[in-house]
Amino acid sequence: MDPKRFALRTYGCQMNVHDSEKVATLLEDSGLAAADGESDADVLVINTCSIRDKAEHQLYSDLGKLRAWKAEKPGRIVGVGGCVAQQVGDRLLGRFDHLDFVFGTHNLRKVPAMLDQAEDGQRVAWVDEEKSQARFDLPMRRPDAPAGRRHKAFVTVMEGCDMFCSFCIVPSTRGREISRVAREIEAEVAALAEQGIREVTLLGQTVNAYGRHDVRRGKAAAVGTMPFAELLARLDAIPGIERLRYTSPHPLFYDDALIRAHGELRHLCPHVHLPVQSGSNTILEAMRRRYTRERYFEIVDALRAARPDIAITSDLIVGFPGETEADFEDTLGLVERAGLVDSFSFKYSPRPGTTAADLSGEVPPEVAQDRLERLQTQQKAQTLAYHQTRVGQETLVFVDGESRRGQGQISGRDPQHRVVNVDLRPGAALAAGDTLAVELVEATPHSLLGRPLDPALRP
Ligand code: SAH
Ligand code: SF4
Ligand code: F3S
């Protein structure tokens, strides 16, 4: 009999993308095969995000439509995991009678068993919090990962969040902070390097908080963790790793050692995505972010002093309860003063169970929308201006694949994580994972255009 085929639909952050990779490997290890698409699949797993109201509603809309998908072929199974699953749990089974199983963010390993139960007609939900190192005990990505990801990989170093920013649902969907033993991380990175992985992105909800609880309690040596900067230094030394990145850090956990690491470690990339959320000290306090705009500038300036070519990007929220026009202008001012190369910006969305959800001072939707647009207009101009400063420079591109335009144009990333597109001579055989030396010749708000240094590759 042919193996059953599975498909995965993934929403949310890189942590979710990586969790889906782990689920795919678990399903393959239990005898299933990846489907070509959902129409060809027997099992569909949706990995959900709950960060904003819209993300959560996406799941309800998807599930509504999946009744028809299930009816098309008897025996089809639908499972839901991720942050909405963790938050809503078995109530999802009550609400959608065609849903077969629900697994929380700590229960990936249970997916194959839950699938077996679903095949026996049982409907189960597992959303327990796993507080031990066992939660990191998941299969590694395979050497035959999808094209475009053969040269780079995510590696989890910590999970969960103890920060409880007043707007954020993540502490309740990902549970308490726990750091993975350093030698396990080193072993995984070394094994990936042996498979040909040259770029590693370390993942954690507040990734640079790695080890902090163990260090503070004087237990780091006993547990096997260490300060984040030390972990970076160890991984930087692993042969074969040419690019090391991490996401997302929190400003509170930048110490001198981490700043110095940016000047000293050879493979640590000149890019940091450092979410700031607001430029107003009043709003930062109401958000419980535990830093001021002045402290943010200090970090950004210190990073630039350590690594002059560093690109800083960020996340921003507009329309937080009580945000005045003056507060918002402080945000515009911060984006400029910090020289943000790019940012993701969002309208505040109240989330159930968070303290901000009870705050008064709601910003009218049309005001929030207007602020979002003004912020994005300013950012776009700043991004373009930054890209223009890069024109004339040489850089190295790690190729991801064909660009959106196609027609022999490839797309990749430079060390600053900017998208660089390159036109190639027809027949120039460049594949995902190849390295290409280019001169940057043109800037747009979204990307840079590069020209190969090797004349034989030019069109
Ligand atoms: N751990 C990261 C953030 C992860 S969530 C950090 O501490 O910075 C990704 C982004 O979603 C956040 O940076 C924030 O900008 C946005 N976000 C989180 N909760 C939100 C909410 N309730 N409404 C709007 N945007 C939100
Ligand atoms: Fe959410 Fe704040 Fe934790 Fe980031 S640090 S995941 S914004 S609670
Ligand atoms: Fe979304 Fe959960 Fe990530 S809420 S942003 S998928 S941690």
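The values are calculated or read from the model by the stated rules, or taken from the named source; none is laboratory data. Worth saying up front: this structure is predicted, and the values here are computed from it rather than measured. Glycine also receives a Cβ, built like all others from the backbone with ideal geometry; neighbour counts cover every protein chain displayed. Quick note on the areas: whole protein, heavy atoms, side chains included, nothing else; ligands and nucleic acids left out. Shrake-Rupley method; radii C 1.70, N 1.55, O 1.52, S 1.80 Å.
Below, the figures for the structure above:
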| item | result |
| --- | --- |
| Matching entry among PRO459, PRO445, PRO452 (being open to solvent by 60 Å² or more (accessible area, probe 1.4 Å), touching a residue at least 12 places away in the same chain (Cβ under 8 Å) and either farther than 19 Å from ARG198 by Cβ or acidic (Asp, Glu) (or both)) | PRO459 |
| Residues within the stretch 280-329 that are without any contact (Cβ under 8 Å) to a residue 60 or more places away in the chain and within 17 Å of ASP370 (Cα to Cα), tallied | 12 |
| Scope the stretch 1-32; condition farther than 13 Å from VAL80 by Cα and in a helix (DSSP H, G or I); matching residues | GLN14, MET15, VAL17, HIS18, GLU21, LYS22, ALA24, THR25, LEU26, LEU27, GLU28, ASP29 |
| Answer residue from the stretch 394-423, given it is part of a loop (DSSP other than H, G, I, E, B) and modelled with pLDDT of 95 or more and is surrounded by the most Cβ atoms within 10 Å (Cβ to Cβ) among those | ARG418 |
| Which listed residue, of HIS417, HIS387, is on the phi > 0 side of the Ramachandran plot and either over 26 Å from the mean Cα position of the chain (by Cα) or not aromatic (Phe, Trp, Tyr) (or both) | HIS417 |
| Residue match in the stretch 76-86 (condition: without any contact (Cβ under 8 Å) to a residue 12 or more places away in the chain and more than 19 Å from the chain's Cα centre (by Cα)) | no |
| Residue match in the stretch 158-169 (condition: surrounded by fewer than 22 Cβ atoms within 10 Å (Cβ to Cβ), touching a Phe, Trp or Tyr at 6+ places or on another chain (Cβ under 8 Å) and farther than 30 Å from THR435 by Cβ) | no |
| Close pairs from the stretch 220-232: first polar (S, T, N, Q), partner assigned to a helix (DSSP H, G or I), Cβ under 9 Å, at least 6 apart | THR225/ALA182; THR225/ARG212; THR225/HIS213; THR225/ASP214; THR225/VAL215; THR225/LEU231 |
| Some residue of the stretch 206-228 being within 16 Å of ligand 2 (Cβ to nearest atom), open to solvent by 40 Å² or more (accessible area, probe 1.4 Å) and within 30 Å of LEU316 (Cα to Cα) | yes |
| Out of GLY322, GLY333, sole residue that is small (Gly, Ala, Ser), touching a Leu at 6+ places or on another chain (Cβ under 9 Å) and more than 10 Å from ligand 1 (Cβ to nearest atom) | GLY322 |
| Total residues in the stretch 203-222, condition within 16 Å of ligand 3 (Cβ to nearest atom) and in a loop (DSSP other than H, G, I, E, B) | 3 |
| Test: GLY263 is free of Cβ contacts under 8 Å to residues at least 12 places away in the same chain and open to solvent by 30 Å² or more (accessible area, probe 1.4 Å) | no |
| Qualifying residue in the stretch 172-183 (condition: open to solvent by 10 Å² or more (accessible area, probe 1.4 Å), on the phi > 0 side of the Ramachandran plot and either free of Cβ contacts under 8 Å to residues at least 24 places away in the same chain or out of contact with any Asp or Glu (no Cβ under 9 Å at 6 or more places or on another chain) (or both)) | no |
| Residues that are open to solvent by 60 Å² or more (accessible area, probe 1.4 Å), assigned to a helix (DSSP H, G or I) and under 25 Å from PHE164 (Cβ atoms), drawn from the stretch 295-329 | ARG295, GLU298 |
| Residue that is assigned by TED's automatic domain parsing to the domain that holds ARG243 and closer than 20 Å to GLY82 by Cα, where the choices are THR201, THR206 | THR206 |
| Selected residue (criterion: nearest to ALA35 (Cα to Cα)) from residues of the stretch 71-105 that are open to solvent by 20 Å² or more (accessible area, probe 1.4 Å) and within 16 Å of ligand 2 (Cβ to nearest atom) | GLN86 |
